[in-house]
Amino acid sequence: MARVSQQHLDARRRQILDGAARCFARNGFHATSMQDVLREVDLSAGAVYRYFSGKEELIGAIVAEVLDTVREAFEEAARQSPPDPPDVLVGEVMGRVVYGEHVRGVTVEMPRLLIQVWGETLRNESLAELLRTGYDAVRAAWVEVVEAYQAAGLMRDDIPAEHVARTVIATVQGFAAQQALFGEAPVEILQDGLRGLMSMGAQRPG
């Protein structure tokens, strides 16, 4: 029997995750069955169950992947001196996650998926713990970014970095919720809003 390459295994796992994300975003977590996922990815049950035991493991893998993408982006930003401003960073990360660069084939559906994940955590303790752990990691990465701003003199240092980090994350979550509830909107809207808030106290050009 020919040995299956790691590249093939990774591509198959990617195919399953992308298809499951589309199903969950389109139909909801509870209304989606594993048969729906199998049809979406056009694979046999054995091929899918080789990678994931069921829906809960699939949604957990999707959540972990998205949170890792966000955390890694902000950790990379914190290593810059100084980091790009918040409007630029947020735009880059939203582009990767919400606008489909992260889970291929998922564009406006990604905010809907996020909303459903948040709701599912109210009844699923293992998913809630995964989300808490991921949120803590993202928040810690943002704290490092804020501390870098403060060290460079770009942001007031009398406001706790933790508070700024929580506020920026809440802003992004709120924008994602708006997309899920009211329809797609370009990330430039969020970026412009952040720039407007950041400009308070700055003198307007003549």
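Structural remarks
- Residues that are more than 20 Å from residue 177 (Cα to Cα) and of a type in the set (Asp, Glu), drawn from the range 117-135: 125, 129
- Residue within the range 179-192 that is in contact with a helix residue (DSSP H, G or I) (Cβ under 9 Å, 6 or more places away or on another chain), under 18 Å from residue 92 (Cβ atoms), open to solvent by less than 100 Å² (accessible area, probe 1.4 Å) and outside any helix (DSSP H, G or I) present: yes
- Candidate set from the range 124-162 (those that are among the charged types (D, E, K, R), over 21 Å from residue 84 (Cα atoms) and under 14 Å from the mean Cα position of the chain (by Cα)); member that is most open to solvent (accessible area, probe 1.4 Å): 132
- Condition broken by residue 167, with the remaining ones in (1) touching a helix residue (DSSP H, G or I) at 6+ places or on another chain (Cβ under 9 Å); (2) surrounded by 12 or more Cβ atoms within 10 Å (Cβ to Cβ); (3) not small (Gly, Ala, Ser) satisfied: (1)
- Residues (more than 13 Å from the chain's Cα centre (by Cα) and either modelled with pLDDT under 80 or among the acidic types (Asp, Glu) (or both)) located in the range 79-103: 84, 87
- Filtered by the rule that a residue be open to solvent by 70 Å² or more (accessible area, probe 1.4 Å) and within 24 Å of residue 183 (Cβ to Cβ), the range 1-30 gives 26, 27, 30.
- The residues listed here are 168, 117; of these, the one that is modelled with pLDDT of 90 or more and not polar (S, T, N, Q) is 168.
The values are calculated or read from the model by the stated rules, or taken from the named source; none is laboratory data. Keep in mind that what you see is a predicted model, and the values were worked out from it rather than measured. Quick reminder, even Gly has a Cβ in these numbers, built from the backbone with ideal geometry, and neighbours come from all protein chains shown. All accessible areas refer to the heavy atoms of the entire protein, side chains included, with ligands and DNA or RNA removed. Shrake-Rupley method; radii C 1.70, N 1.55, O 1.52, S 1.80 Å.
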